[in-house]
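Engineer: What follows is a single structure, and I will ask about it in a moment.
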Amino acid sequence: MKKKLEKGWNMGREIGITILILILFFGICLVFQQILNIQPLIPMFFTLAVFLVSRFTTGYFLGVFASSISVLAVNYAFTFPHFRFNFTISENLLSAIIMLIVTIMTSTMTTQIKRHEQKKREIETERIRANLLRAVSHDIRTPLTSIYGSSSTLLECADALTDQKKEQLLMGIREDSEWLTNMVGNLLSVTKIEGGRLNLQIVETSVEELIDVVLEKFKRRYQDQEISLSLPDAFLSIKVDPILIEQVILNILENAVQHAVGMQAICITVCKFGDKVSFEIVDDGCGIPDDILKRLFKEIIEKKVSVGGYRKIYGQDEKNVRPIDGNRFNMGIGMYVCAAIIEAHHGEFFAKNLSPKGCSFRFVL
Amino acid sequence: MANKYKILLIEDEINIVNFIKARLEANGYQTIYANGMRDGLMMLMSHCPDLVILDLGLPDADGMEVIRVVRKQSLLPIIVLSARGGEMDKVMALDEGANDYITKPFGTEELLARIRSVFRNQNLIQYGENRSEQYVLGGLQIDFASRQVFKEKKEVHHTHGVQHFSLTC
């Protein structure tokens, strides 16, 4: 239903473009003929009009339609006898054929370009999806191994374990289950994204409440990390999908905890920014390497902790694809998802490094 | 007290280390662990383990590199643990010299069985096919499985592996 509507809308728009171009060029030609009295340029103008129509519409129909109209128009208004049809002039027939050729060739080319572009986009999406799946299936295996192994160890040789050991294993199970839960949350957001668009459930949300929920979830996972808050005094509310925005903030906070080396303080600042609301999350960790910063929101990035460098999980060509284990890649999928969520809210997302240290993530909704 | 087999575990996921360590120790193996290639190779030099359990995805290098370095120097048995389940991954690791390959997630019983199997094979290679679990020569008795040496039925304490012992006596 929605698709049909969209198709109808596109069709209408293309017809509009066609008519507009034709009227515009007809007008120009009239001016040229009546006021400036330049005759020979007119067929050329119409050729240009036909070219433009074919370029900016899909299929052959509108192009052919425009070229026939143009031929008729030239015949009717711009060749002697003026403002009367005369089909006996061979010049007219010739110009009609030329216009038709231009139309058909341009339309073919346009269609081919469009098809090519679409194919390229499809391949790109497919590649991202495949890589994501590969990365995810690997990432899920590691906590699963730990849960499986720890629980069976607990069950099968409980006698040989000290209480401390048992607790350690149980904590491991809990930690990895939490990690998996988080991962599933992120994955769900990814599946909601389709071609850069997201199905949002927009609700009027109080900013204070939103931040509260985030902090509560965060505290549950990282008890020791303090977060300072700066909220405006006035009551603020925004129209967003609260669950997704919560996830954005949570992802940024988590990145700070996991990847910002030497980070001690995190600060969340919310303020009114014109008629919008700005959220800023600042940490005082090691910052983000420049090359990563540039493509942070565009690609899925994986980080290798000990080498101190990040690497993409896919290279430009297949040879560059490296095995994707080693470290879990929360960061990449997280930021990619965050950027998509903010974009879907028509918001703006910024990330920059601060001097002397730390980095700031800011989004405006 | 039997002279335990010493197993070096090279793995960076602490939760996985914890349960494998607990399980191995419950089964009478001495376990040490390292969380990366650099530490792993260092532990290898200083502790002379009898077996290495190696995760391929290490933070500072690829596990394959570890296999290559170890194989340049010794025939120390290596069991690879990896989340990479592709056939080519297995082929590559085994061809580089790994003795066995286990994909994550795995059962601990399976891991233990594979460790036993690797040790069995290792003993076969070192002491020939006809060797039984025990070697008896006059009053000297060597039990390879429990790594105990007896002289006139009295246990002889030794610090090194039996292979070393057998060379010296």
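Engineer: Picking from B:V80, B:V70, which residue would you name as being crowded, with 19+ Cβ neighbours inside 10 Å and within 27 Å of A:L169 (Cβ to Cβ)? Walk me through how you get there before you give the answer.
Structural biologist: Values: B:V70 fails: within 27 Å of A:L169 (Cβ to Cβ).
Exactly one of B:V80, B:V70 is crowded, with 19+ Cβ neighbours inside 10 Å and within 27 Å of A:L169 (Cβ to Cβ), namely B:V80.
Engineer: Being buried (at least 18 other Cβ atoms within 10 Å of the Cβ) and in contact with a Phe, Trp or Tyr (Cβ under 7 Å, 6 or more places away or on another chain) is the filter here, so list the residues in the range A:74-98 that pass it.
Structural biologist: Within the range A:74-98, A:V74, A:N75 meet the criteria.
Engineer: Please pick out the residue among B:G57, B:G40 that is at the interface with another protein chain (Cβ under 9 Å from one of its Cβ atoms) and either β-branched (V, I, T) or buried (at least 17 other Cβ atoms within 10 Å of the Cβ) (or both).
Structural biologist: Values: B:G40 fails: at the interface with another protein chain (Cβ under 9 Å from one of its Cβ atoms).
Going through B:G57, B:G40 in turn, the sole match is B:G57.
Engineer: Can you name the residue in the range A:74-128 that is aromatic (F, W, Y) and within 21 Å of A:V50 (Cβ to Cβ) and is also modelled with the highest pLDDT among such residues? First the steps, then the outcome.
Structural biologist: Looking only at the range A:74-128, we keep the residues that are aromatic (F, W, Y), and these are A:76, A:78, A:80, A:83, A:85, A:87.
Narrowing the set further to residues that are within 21 Å of A:V50 (Cβ to Cβ) leaves A:76, A:78, A:85, A:87.
Working: A:Y76: 80, A:F78: 76, A:F85: 76, A:F87: 71.
Going through the qualifying residues, I end up with A:Y76.
Engineer: Please state which one of A:I98, A:I104, A:I38 is more than 22 Å from A:G12 (Cβ to Cβ), touching a helix residue (DSSP H, G or I) at 6+ places or on another chain (Cβ under 9 Å) and part of a loop (DSSP other than H, G, I, E, B).
Structural biologist: Result of the check over A:I98, A:I104, A:I38: A:I38.
Engineer: When you check B:A98 against the structure, is it under 20 Å from A:T142 (Cβ atoms), small (G, A, S), in contact with a helix residue (DSSP H, G or I) (Cβ under 6 Å, 6 or more places away or on another chain) and facing chain A (nearest Cβ under 10 Å), yes or no?
Structural biologist: No: the conditions fail for B:A98.
Engineer: Within the range B:107-126, which residues are of a type in the set (S, T, Y) and modelled with pLDDT under 90? Spell out how you get there, then give the answer.
Structural biologist: Narrowing the range B:107-126 to residues of a type in the set (S, T, Y): B:108, B:117.
B:T108, the sole residue that qualifies.
The values are calculated or read from the model by the stated rules, or taken from the named source; none is laboratory data. Since the structure is predicted, the reported quantities are computational estimates derived from the model, not experimental observations. Note that each Cβ is placed from the backbone with ideal geometry, even for glycine, and that neighbours are counted across all protein chains shown.
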